[in-house]
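Here is the structure we will look at, set down as structure tokens.
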Amino acid sequence: MNTLSVHHNHEHHDSHYKGLVTTIYLLQALAFLLGGIPFLLAVILNYTHLHHVKGTWLESHFIWQINTFWVALLLAVVGAITLSIGIGIFILLALTIWVIHRITYGWMTLNDSSAITKLPTFSIF
């Protein structure tokens with residue numbers, strides 16, 4: 001295989017999975033309108049395709065999306081439990097703002113064809 005065809009295959013691979021990452025950001029955003037099912041579907045897609053993007057710039061987006069799901073789930077549960085004592089509404093409001101930020105920042109970074117560089121030193125997955 002010559003260098004040109006290897007480069008073309010690499011671009012096709014990135015293009016395919018960049019489209020998948022876009023779809024996952026869209027599913028995360030749709031969760032605000034349709035409930036948690038699109039968010040759950042998004043993280044399932046992340047886990048089932050993560051091995052395909054290992055070692056590429058797209059891996060950072062998968063990690064970002066997976067961490068967004070798990071932290072959002074944890075905060076949603078804490079917020080729901082604490083609603084009765086009044087603090088839950090603030091937790092859920094902060095969660096909403098945080099998730100919108102994560103989706104927006106991730107999607108904008110993806111559109112620049114850049115890796116996410118703000119990844120934590122730990123990861124939840």
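Below are the figures for this structure:
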| quantity | calculated |
| --- | --- |
| Residue within the stretch 90-97 that is surrounded by 12 or more Cβ atoms within 10 Å (Cβ to Cβ) and either of a type in the set (S, T, N, Q) or within 12 Å of the chain's Cα centre (by Cα) (or both) present | yes |
| Any hit, the stretch 108-115, residues being surrounded by fewer than 18 Cβ atoms within 10 Å (Cβ to Cβ) and touching a residue at least 60 places away in the same chain (Cβ under 8 Å) | yes |
| Identity of the residue in the stretch 41-52, surrounded by fewer than 20 Cβ atoms within 10 Å (Cβ to Cβ) and in contact with a Leu (Cβ under 9 Å, 6 or more places away or on another chain), that ends up nearest to LEU92 (Cα to Cα) | LEU41 |
| Search result, residues across the stretch 45-75 that are closer than 25 Å to SER113 by Cβ and β-branched (Val, Ile, Thr) | THR48, VAL53, THR56, ILE63, ILE66, THR68 |
| Among the residues listed as GLY79, GLY86, GLY55, the single one being among the small types (Gly, Ala, Ser) and either touching a strand residue (DSSP E or B) at 6+ places or on another chain (Cβ under 7 Å) or surrounded by 13 or more Cβ atoms within 10 Å (Cβ to Cβ) (or both) | GLY79 |
| Matching option when the condition is more than 18 Å from HIS16 (Cα to Cα) and at pLDDT 95 or above, among TYR47, TYR105 | TYR105 |
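The values are calculated or read from the model by the stated rules, or taken from the named source; none is laboratory data. Remember, it's a predicted structure, so these values are computed and weren't measured experimentally. For neighbour counting, all protein chains shown are included, and Cβ atoms are generated from backbone atoms with ideal geometry for every residue, glycine included.
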